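Shown next, in structure tokens, is the structure this report addresses.
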Amino acid sequence: MVERNPRTATWRDIAGNVGASFVDAVNACDADRLIDLFVQDAYLNDQLRDFWGKDAISRWIRDEIVGERFCMNVIDARSHFGDLILRAEVGGDFEKTGLPSPLILSFIFSFFDDKIARLLILLNRPDEAEPEIRIGAE
């Protein structure tokens with residue numbers, strides 16, 4: 001296997017076929033193509049909400065990707081211990097009140113048999129941001 005220099009590799013080189021297909025299908029609002037990228041019993045976590053299996057993920061895709069015309073512009077890609085991490089500036093018709101601008105999300109993929117087995121989607125905060133600490137009511 002040829003190692004690519006991360007400074008010269010494009011995000012598509014790093015993402016591979018499945019990662020690039022995910023981004024292309026998201027930006028095309030192609031629900032069927034997106035759903036086909038996941039294994040039957042895949043796991044997706046979007047901002048601390050769990051979606052287990054293709055049926056739940058299919059509803060999430062139709063409601064929150066296609067329904068809100070979600071789009072993404074990849075700004076960074078990394079391969080990390082077999083996983084793929086894409087950072088992307090995202091947009092769409094979803095409610096943006098209280099969200100940072102630009103809105104940068106991390107998409108962390110794990111693959112099995114050339115399909116997505118796990119996808120975690122996390123809101124990125126600036127490096128200098130203080131950690132969010134939640135203190136329970138006493």
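Some observations on this one:
- Residue in the range 52-62 that is over 25 Å from P100 (Cα atoms) and of a type in the set (A, V, I, L, M) present: yes
- Just one of the listed residues (F107, F94) is aromatic (F, W, Y), in contact with a helix residue (DSSP H, G or I) (Cβ under 9 Å, 6 or more places away or on another chain) and in a strand (DSSP E or B), and it is F107.
- Those residues of the range 32-82 which are within 22 Å of D114 (Cα to Cα) and polar (S, T, N, Q), in sequence order: Q40, N45, S58, S79
- Pick from the range 44-55, criterion in contact with a strand residue (DSSP E or B) (Cβ under 8 Å, 6 or more places away or on another chain) and either in a helix (DSSP H, G or I) or of a type in the set (F, W, Y) (or both), ranking: surrounded by the most Cβ atoms within 10 Å (Cβ to Cβ): F51
- Note on the range 27-43: residues that are open to solvent by less than 10 Å² (accessible area, probe 1.4 Å) and either in contact with a Phe, Trp or Tyr (Cβ under 6 Å, 6 or more places away or on another chain) or not in a helix (DSSP H, G or I) (or both) amount to 2.
Each row is one residue, and each column tells you yes or no for (1) of a type outside the set (A, V, I, L, M); (2) part of a loop (DSSP other than H, G, I, E, B); (3) at positive phi; (4) modelled with pLDDT under 95.
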position: R69; (1), (2), (3), (4): yes, yes, yes, no
position: R87; (1), (2), (3), (4): yes, no, no, no
position: R118; (1), (2), (3), (4): yes, no, no, no
position: E128; (1), (2), (3), (4): yes, yes, no, yes
position: I135; (1), (2), (3), (4): no, yes, no, yes
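- Near pairs, Cβ below 6 angstrom, 6+ apart or cross-chain, from the range 38-51 (aromatic (F, W, Y)) to any residue that is surrounded by 15 or more Cβ atoms within 10 Å (Cβ to Cβ) and not in a strand (DSSP E or B): F38/K54; F38/I57; F51/I57; F51/W60
- Screening R69 on (1) open to solvent by less than 40 Å² (accessible area, probe 1.4 Å); (2) closer than 26 Å to N17 by Cβ; (3) more than 12 Å from the chain's Cα centre (by Cα) shows it passes everything except condition (1).
The values are calculated or read from the model by the stated rules, or taken from the named source; none is laboratory data. No experiment lies behind these values; they were computed from the predicted model shown. Heads up, the Cβs are rebuilt from the backbone with ideal geometry, glycines too, and the neighbour counts pull from every protein chain shown. Keep in mind that these areas ignore ligands, DNA and RNA; they rest on the heavy atoms of the full protein, side chains included. Shrake-Rupley method; radii C 1.70, N 1.55, O 1.52, S 1.80 Å.
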